[in-house]
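Take a look at the structure set out below.
The values are calculated or read from the model by the stated rules, or taken from the named source; none is laboratory data. All values derive from a computational prediction rather than experimental measurement. Neighbour counts are summed over all protein chains in view; Cβ atoms, including those assigned to glycine, are modelled from backbone coordinates with ideal geometry.
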């Protein structure tokens, strides 16, 4: 009888600790787009699978290059890493977000030169979810 009680207690304890893991969400980006307009990059999208959380922290990083009309970036100083981040509310296990990055260069990247965005990385910093755009 004592052995049965020990086995039942062990099984119940393992179920107790395993259930919260099963109830946890499975965060993932469902949609994500990057739209460039001049020296501005806007990254928007939706993350789902967030469970019962109230908010999520999203960050985006990108590299901006000042490209001349020959298709080259003439100076190493005309390249930079830029980032933005924010907290977004979660409703029904989903969060909708939009972040804007603005590239600034010294000297300015003015026409006929244009800004080109590369290495765009979207991250849910709380869950370690990463998406390359």
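Of all residues in segment 81-94, count the ones that are crowded, with 16+ Cβ neighbours inside 10 Å and either farther than 15 Å from residue 44 by Cβ or touching a helix residue (DSSP H, G or I) at 6+ places or on another chain (Cβ under 7 Å) (or both).
Adding up the residues that qualify gives 2.
Looking at residue 72 and the list (1) farther than 22 Å from residue 28 by Cα; (2) part of a loop (DSSP other than H, G, I, E, B); (3) within 20 Å of the chain's Cα centre (by Cα), which single condition is not satisfied?
The single condition residue 72 does not satisfy is (3).
Mind listing just one residue for me: the one in segment 37-69 that is in a strand (DSSP E or B), over 17 Å from the mean Cα position of the chain (by Cα) and in contact (Cβ under 8 Å) with a residue 40 or more places away in the chain and, of those, nearest to residue 101 (Cα to Cα)?
From segment 37-69, those in a strand (DSSP E or B) are 37, 40-48, 55-67; that's our starting set.
If we keep only those that are over 17 Å from the mean Cα position of the chain (by Cα) too, we end up with 37, 40, 64-67.
Filter once more, so that each one left must be in contact (Cβ under 8 Å) with a residue 40 or more places away in the chain: 40, 64-67.
Values: 40: 6, 64: 10, 65: 13, 66: 15, 67: 18 Å.
Applying the filter and picking the extreme gives 40.
On the given criteria, is residue 97 within 18 Å of residue 28 (Cα to Cα), modelled with pLDDT of 95 or more and surrounded by 15 or more Cβ atoms within 10 Å (Cβ to Cβ)? Give the derivation first.
Values: within 18 Å of residue 28 (Cα to Cα): yes; modelled with pLDDT of 95 or more: yes; surrounded by 15 or more Cβ atoms within 10 Å (Cβ to Cβ): yes.
Answer is yes for this residue.
Name every residue in segment 45-79 that is closer than 18 Å to residue 109 by Cβ, surrounded by fewer than 18 Cβ atoms within 10 Å (Cβ to Cβ) and modelled with pLDDT of 90 or more, in order of residue number.
The answer is 63, and nothing else.
Go through (1) free of Cβ contacts under 8 Å to residues at least 40 places away in the same chain; (2) surrounded by fewer than 14 Cβ atoms within 10 Å (Cβ to Cβ); (3) assigned to a strand (DSSP E or B) and name the single condition residue 118 misses.
With (1) free of Cβ contacts under 8 Å to residues at least 40 places away in the same chain; (2) surrounded by fewer than 14 Cβ atoms within 10 Å (Cβ to Cβ); (3) assigned to a strand (DSSP E or B) applied to residue 118, the lone miss is (1).
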